[in-house]
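The values are calculated or read from the model by the stated rules, or taken from the named source; none is laboratory data. In this text, all values refer to a predicted model and were calculated from it rather than measured experimentally. Don't worry about glycine lacking a Cβ; one is built from the backbone with ideal geometry, like all the others, and counts go over all protein chains shown.
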Amino acid sequence: MKVVAFASQKGGSGKTTLAGHVAVQAELSGDGPVALIDIDPQGSLSDWWNERSEETPVFAKTTPDRLGEDINAMREMGVQLVIIDTPPAITSTIENVVSEADLVVIPTRPSPHDLRAAGATVELCERLEKSIVFAINGATPRARITTEAVIALSQHGAVAPSIIHQRVDFASSMIDGRTVMELPGRSRSPNEISTLWSFLKEALGKQQPAHRLQTHSLQSSLTSTTHAPGVMVKGAA
């Protein structure tokens, strides 16, 4: 099992949107079961999941104090990927999350404020010796500042080759628990998310498990585990 944390000191960087989209894309790519964790007190990822009609990904309700214990429990249940959304601040809670992560994704909008704010997250990850990936998010097509942001960030860590551009379909899909991959019509957004997940998967060194646990099997494991974390599955009682 791998753990990916989306972290950034800057509010409005798109952590929640990318966390939800990457989780769904991982499921669509056959890399599940995926479990989501929302550590942000605002609970935006939790709210999105509660609006969602699809069975996957599952949602794990936990606390910073129980995070490590619950991650281990999910590993035993057969969860293959855990994705954690975090609050926009560098606190002891963020440090707990990063310490549990195999990879930290730092969403960064191509603006001077976002680039400066990324430094605190980078320093934390370096201190904890955690791998990082920058994900350029909310970019304007053909804007020079996007190229400049990639160049600046590449001096401090890997930059995902998939630039996530500012499009209304990202915001509209999150309203009712969906993602751009699940909207009708044609858009470049789904391909950007697919390419991002492929890069993150490669960065994790993740391989397709020999036996993929189906959602109903995961649900059975959850209901039969006495000390299981509060993992919620769509359709469960």
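Would you mention how many residues in the range 150-189 are of a type outside the set (Val, Ile, Thr), over 19 Å from residue 200 (Cα atoms) and assigned to a helix (DSSP H, G or I)? So the answer is 8. Each residue in the range 124-139 was checked for being surrounded by fewer than 24 Cβ atoms within 10 Å (Cβ to Cβ), small (Gly, Ala, Ser) and at negative phi, and 2 of them qualify.
Within the range 202-216, count every residue that is at pLDDT below 80, farther than 22 Å from residue 52 by Cβ and surrounded by fewer than 16 Cβ atoms within 10 Å (Cβ to Cβ).
5
Only residues that are among the polar types (S, T, N, Q) and in contact with a Pro (Cβ under 9 Å, 6 or more places away or on another chain) were counted in the range 13-41, giving 3.
In the range 66-92, the qualifying residues are those that are out of contact with any Ser or Thr (no Cβ under 8 Å at 6 or more places or on another chain) and among the hydroxyl-bearing types (Ser, Thr, Tyr), and the one that is modelled with the highest pLDDT is 92.
When you look at residue 144, is it surrounded by fewer than 17 Cβ atoms within 10 Å (Cβ to Cβ), more than 26 Å from residue 31 (Cα to Cα) and either among the basic types (Lys, Arg) or modelled with pLDDT of 95 or more (or both), yes or no?
Taking the combined requirement at face value, the residue satisfies it.
Summed over the range 39-58, residues that are touching a residue at least 60 places away in the same chain (Cβ under 8 Å), touching a helix residue (DSSP H, G or I) at 6+ places or on another chain (Cβ under 7 Å) and within 20 Å of residue 74 (Cα to Cα) total 3. Return the residue satisfying two criteria in turn: it lies in the range 181-201 and is under 15 Å from the mean Cα position of the chain (by Cα) and of a type outside the set (S, T, N, Q), and of such residues it is nearest to residue 52 (Cα to Cα). So the residue we want is 193.
Among the residues of the range 188-197, is there at least one that is of a type in the set (Val, Ile, Thr) and at pLDDT below 95?
Restricting attention to the range 188-197, the residues satisfying the condition of being of a type in the set (Val, Ile, Thr) are 193, 195.
Narrowing further to those that are at pLDDT below 95: none.
There is no residue in the range 188-197 that is of a type in the set (Val, Ile, Thr) and at pLDDT below 95.
You will find that of 139, 135, 118, 149, the residue that is touching a helix residue (DSSP H, G or I) at 6+ places or on another chain (Cβ under 8 Å), modelled with pLDDT of 95 or more and among the small types (Gly, Ala, Ser) is 135 and no other. Summed over the range 12-65, the residues that are hydrophobic (A, V, I, L, M, F, W, C), assigned to a helix (DSSP H, G or I) and modelled with pLDDT under 95 give a count of 0. A search for C-beta distances below 9 Å between a residue of the range 171-184 that is in contact (Cβ under 8 Å) with a residue 60 or more places away in the chain and any residue that is charged (D, E, K, R) and part of a loop (DSSP other than H, G, I, E, B), counting only pairs 6+ apart in sequence or on different chains, returns 176/52; 177/52; 177/54; 178/52; 178/54; 180/167; 182/54. Residue 88: surrounded by fewer than 16 Cβ atoms within 10 Å (Cβ to Cβ) and not in a helix (DSSP H, G or I), yes or no? It is false that residue 88 is surrounded by fewer than 16 Cβ atoms within 10 Å (Cβ to Cβ) and not in a helix (DSSP H, G or I). Checking each residue in the range 94-139 for being assigned to a loop (DSSP other than H, G, I, E, B) and not small (Gly, Ala, Ser) picks out 102, 109, 110, 128, 129, 130.
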